[in-house]
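Reading through the structure tokens given below for one structure.
Read-outs throughout are calculated quantities, based only on the coordinates presented, and are distinct from any laboratory measurement. Because the structure is a prediction, the values reported are computed rather than measured. A quick note on method: Cβ atoms are made from the backbone with ideal geometry, for glycine too, and the neighbour counts reach across all protein chains shown.
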Amino acid sequence: MATIIKQPSITIKCSNPTKNVEPIVCMAVESNTKQWPTNMIWFYSNTANLSKDNFMPSNHLQTTLSDTLNYFPMLAGRIIEDEKGNVTVHLTNEGVLYTEAECPNQTMDYFIPRTLSDEEFDYEHINTSNLVLKVNNDWTGPCVSILVTRLKCNSVILSISGFHCFFDPHAMSHFINTWASAKPPEPMPMFDKTFVLYPTEEQRQRISSLTRPKDCVFNRDINQSSDSRFAEAQQQQQRVICKVYFFSTDELKNLKKEASKSLPESIDYISTYDALYAHMILVIAQATQTSLTDNIKILQSFNGRSRFVSSCSPAVLNYFGSFPFWLYGKIPSDREPTLSSLAQMIHEMYSKQTEHSLRDYNAYLMSGDGDIKKNRVDADLFNRDFHCASWRKVNLLGAKFGNSGYPIYNGPTDVLYPRYFEIMDAHVNDESINIILGLREQDYERMIQQNLIHKYR
């Protein structure tokens, strides 16, 4: 076990606080993320064997963090929630929580074995070693908590916990890369989300009469006791084994080649994401003995930024907030799916989205009486349906703090959900990636016995 000794926390505020700024009102789709904060972790290896005072020194981290918050004032503010679940961020500059800790009895290899460059490793040490200080689920207190843990070898583990209404992967990457650079962001992050709302009063009046969009994961009419993605009661029925799996560039090429067979004229390419998600569906289905001809749903997060650029402005790419639009489709039940057919379905689900469809999606979440707490995920993600979060190519591995070098690993700190996986950021040098996958113990053993995870090696 790793012994973590925490020092007293301090509050870090903006070094040049903004005066007389109006509160920021989050979108309905952002407010729906209350149940699951974003808890991320970065591992920095002290390969040069520098001293504690010279490798990511505390005073440098704290000073640059204070300066960085000038450009992200919502993170140093405080949240209030109305009776309908809608969120407002007040730019009070009360600060973020910053804590340092020491782990005097373990080196980096305890957390991430590195005897081989492509070694897959157990996630247990990351999940059980108390390397994160989480923000409060009830949205009280600081909106962001940061923990810096220094290891026996003077390597550093940096964790950030924040409300998901601020942080999706793009926003988290934008923040940590700005902090690491110790420079103002170029271009500046923007908070105006009018591009995702109906632009005219006439259109806004239609909100109350909207029906559920075809691809909308959330359902305002679902039974309140129905299963949701984070239903605590289901996930501990059996021990969940969670591991990090490495996919090389050659494996990814093989997957794409196989998934690109027999493409219709309407699809001109299959992406790595399409192919890898399809592959993981087949892996999990076979490991869990799930029939894919039983009206199974495929869910995927859709980040709307790129879809807005053509109709709005390139500045939309720098919108700082969360876009947890979840699309879903049902696997056709009349035939057994293949890697290619699943990849095509996944590709078409997001490629047909437009700025108009996403505006309808967000408007639906605010429809009726406006109570966004009625929005429920319409899927059973622990027992039959599939959901993928992909964080590829968002530059989460690009944050270099002075002499720290680039992080050797980045990922979430608390993935212990069965049948759930995340595609992590691509490695800069060769585009290989890690996947974090959790399975119940008997499903995991079946997957290993049948060598399912690397079928296309």
Output needed: percent of Cα pairs per 5 Å distance bin for region 243-297, bins running from 0 to the one holding the longest distance.
4, 16, 22, 21, 21, 12, 3, 0
What dipole magnitude, in Debye to the nearest 20, does the chain give about its Cα centre under +1 on Lys/Arg Cβ and -1 on Asp/Glu Cβ?
200
Expressed in nm², what is the orientationally averaged projection area of the convex hull enclosing the Cα positions of region 5-181?
11.3
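Tell me the Kirkwood radius of region 1-77: reciprocal of the mean inverse pair distance over distinct alpha-carbon atoms, in Å. List each step's numbers first, then the result.
Working: mean 1/r = 0.0615 Å⁻¹.
Taking the inverse mean of 1/r over all distinct Cα pairs, region 1-77 comes out at 16.2 Å.
Whole-Å semi-axes of region 113-181's equivalent ellipsoid, largest first, each the root of 5 times a Cα gyration tensor eigenvalue? Before the final figure, lay out the partial values.
On the way: eigenvalues 126, 50, 36 Å².
Over the Cα atoms of region 113-181, the ellipsoid semi-axes are 25, 16, 13 Å.
Which of the peptides 33-39, 1-7 is most tightly packed, and how do the rest follow, going by the mean number of other Cβ atoms within 10 Å of each residue?
Details: 33-39: 18.7, 1-7: 13.3.
Ranked by mean Cβ neighbours within 10 Å, highest first: 33-39, 1-7.
Return the Rg/Rh value of the chain, two decimal places, where both radii are evaluated on C-alpha atoms and Rh is the Kirkwood radius. Kindly include the intermediate steps, with their values, before the conclusion.
Values: Rg = 22.0 Å, Rh = 23.1 Å.
Here Rg/Rh amounts to 0.95.
How would you rank 296-302, 121-127, highest first, on the average number of other Cβ atoms within 10 Å across their residues? Walk me through the intermediate numbers first.
On the way: 296-302: 20.4, 121-127: 17.9.
Taking the mean over residues of other Cβ atoms within 10 Å, the ranking is 296-302, 121-127.
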About its Cα centre, region 50-203 carries a charge dipole, from +1 on Lys and Arg Cβ atoms and -1 on Asp and Glu Cβ atoms, whose size in debye to the nearest 20 is 520
At q = 0.10 Å⁻¹, what base-10 log of I(q)/I(0) does the Debye formula yield for region 351-457 when every alpha carbon is treated as an equal point scatterer in vacuo?
-0.50
At q = 0.12, 0.24 Å⁻¹, work out log10 I(q)/I(0) for region 141-198 with the Debye formula, treating every Cα as an identical point scatterer and leaving solvent out; two decimals please.
-0.41, -1.14
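Which whole-number percent gives the relative contact order of the chain, counting Cα pairs below 8 Å spaced six or more residues apart? Before the final figure, lay out the partial values.
Values: 914 pairs, mean separation 105.1, N = 457.
Result for the chain is 23 percent.
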For region 377-393, what does the Karplus curve 6.51 cos²θ - 1.76 cosθ + 1.60, with θ = phi - 60°, yield as ³J(HN,Hα) per residue in whole Hz, taken in order and with x for Gly and Pro?
6, 8, 6, 10, 8, 8, 10, 8, 8, 10, 9, 10, 10, 10, 10, 5, 6
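Hey, any idea what Rg/Rh is for region 358-408, computing Rh the Kirkwood way over Cα pairs?
Answer for region 358-408: 1.23.
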For region 213-449, convex hull of alpha carbons as volume per residue, Å³
162
